[in-house]
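Here's the structure we're looking at; comments come further down.
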Amino acid sequence: MHANEQTLTRFYTAFANLDASTMGACYAPDAVFNDPGFSLQGQREVAGMWHMLCAAALGNGRQDWRLEFREISADDNRGRAMWEAHYQFSATRRKVHNIIDSDFTFTPEGLIATQRDHFDFWRWSRQALGLGGVILGWTPFFQKQMRKQTRAALDRYLAKHP
């Protein structure tokens with residue numbers, strides 16, 4: 001197994017166990033993360049997001065959390081993984097099953113330099129938000145508003161957890 005595949009396996013195993021500290025240690029200091037909900041720069045922001053999300057999953061009850069990962073592949077520069085998260089969305093207490101395809105790049109030291117997660121935002125919003133997600137979840141305006149809300153939540157979290 002390539003060393004960068006080992007990094008991704010360590011990352012997703014830690015995620016399955018809601019171990020945000022180990023997840024954060026997999027990122028380079030200047031890491032970049034993007035998905036439909038977040039656009040982050042630097043290990044502090046990326047690791048902070050995982051700490052916030054893991055804390056929310058733990059706060060909602062560990063019994064509702066499950067993560068499965070597969071199709072991990074990596075070489076010296078790039079990697080890929082498929083994963084599925086089952087959880088309770090804390091804002092609405094609705095159950096979510098999100099299916100994510102992740103693309104990575106790595107530093108020469110084997111740390112994650114970039115991560116881009118792809119998932120069907122409208123599918124996610126319908127599950128997490130119910131009728132509001134059904135009606136508005138597909139619109140660029142709604143997606144932009146959601147990014148503003150997640151950014152504000154992360155900023156509040158990082159202010160409380162420097």
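The values are calculated or read from the model by the stated rules, or taken from the named source; none is laboratory data. None of the values given here were measured: they were computed from a predicted structure. Positions of Cβ are backbone-derived with ideal geometry, glycine not excepted, and every protein chain shown enters the neighbour counts.
Considering only residues of segment 119-132 that are under 19 Å from residue 64 (Cβ atoms) and in a helix (DSSP H, G or I), which is nearest to the chain's Cα centre (by Cα)?
That would be 124.
Would you point out which residue out of 55, 28 is more than 23 Å from residue 125 (Cβ to Cβ) and aliphatic (A, V, I, L, M)? Break it down stepwise before answering.
On the way: 55 fails: more than 23 Å from residue 125 (Cβ to Cβ).
It is 28.
Could you say which residue among 74, 25 is surrounded by 14 or more Cβ atoms within 10 Å (Cβ to Cβ), within 29 Å of residue 160 (Cα to Cα) and not basic (Lys, Arg)? Lay out the reasoning, then the answer.
Values: 74 fails: within 29 Å of residue 160 (Cα to Cα).
The unique qualifying residue is 25.
I'd like the full set of residues that are of a type in the set (A, V, I, L, M, F, W, C), more than 14 Å from residue 106 (Cβ to Cβ) and either part of a loop (DSSP other than H, G, I, E, B) or in contact with a His (Cβ under 8 Å, 6 or more places away or on another chain) (or both), limited to segment 2-40.
18, 20, 38, listed by residue number.
Among the residues of segment 43-66, count how many are surrounded by 15 or more Cβ atoms within 10 Å (Cβ to Cβ), part of a helix (DSSP H, G or I) and not aliphatic (A, V, I, L, M). Quick ask: steps written out before the conclusion?
To start, the set of residues in segment 43-66 that are surrounded by 15 or more Cβ atoms within 10 Å (Cβ to Cβ) comprises 43-57, 60, 65.
Restricting the remaining residues to those that are part of a helix (DSSP H, G or I) gives 43-57.
Filter again for not aliphatic (A, V, I, L, M), leaving 43-45, 48, 50-51, 54.
Here the count works out to 7.
Mind telling me which of the residues 94, 147 ends up being surrounded by 14 or more Cβ atoms within 10 Å (Cβ to Cβ), over 28 Å from residue 5 (Cβ atoms) and either of a type in the set (Val, Ile, Thr) or within 14 Å of the chain's Cα centre (by Cα) (or both)?
Values: 94 fails: either of a type in the set (Val, Ile, Thr) or within 14 Å of the chain's Cα centre (by Cα) (or both).
After applying the criteria, what remains is 147.
Would you be able to say whether some residue in segment 99-111 is surrounded by 15 or more Cβ atoms within 10 Å (Cβ to Cβ), touching a Gly at 6+ places or on another chain (Cβ under 7 Å) and among the aliphatic types (A, V, I, L, M)? Give the steps one after another, and end with the answer.
First pass over segment 99-111, keeping only residues surrounded by 15 or more Cβ atoms within 10 Å (Cβ to Cβ): 100, 102, 104-107, 110-111.
Cutting the leftovers down to touching a Gly at 6+ places or on another chain (Cβ under 7 Å) gives us 104, 106.
The next check asks that each one be among the aliphatic types (A, V, I, L, M); those that pass are none.
Looking through segment 99-111, none of the residues is surrounded by 15 or more Cβ atoms within 10 Å (Cβ to Cβ), touching a Gly at 6+ places or on another chain (Cβ under 7 Å) and among the aliphatic types (A, V, I, L, M).
Let's see how each residue does on (1) of a type outside the set (Asp, Glu); (2) modelled with pLDDT of 85 or more; (3) out of contact with any strand residue (DSSP E or B) (no Cβ under 8 Å at 6 or more places or on another chain); (4) in a loop (DSSP other than H, G, I, E, B):
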{"position": "76", "(1), (2), (3), (4)": "no, yes, no, yes"}
{"position": "85", "(1), (2), (3), (4)": "yes, yes, no, no"}
{"position": "92", "(1), (2), (3), (4)": "yes, no, yes, yes"}
{"position": "110", "(1), (2), (3), (4)": "yes, yes, yes, yes"}
{"position": "134", "(1), (2), (3), (4)": "yes, no, yes, no"}
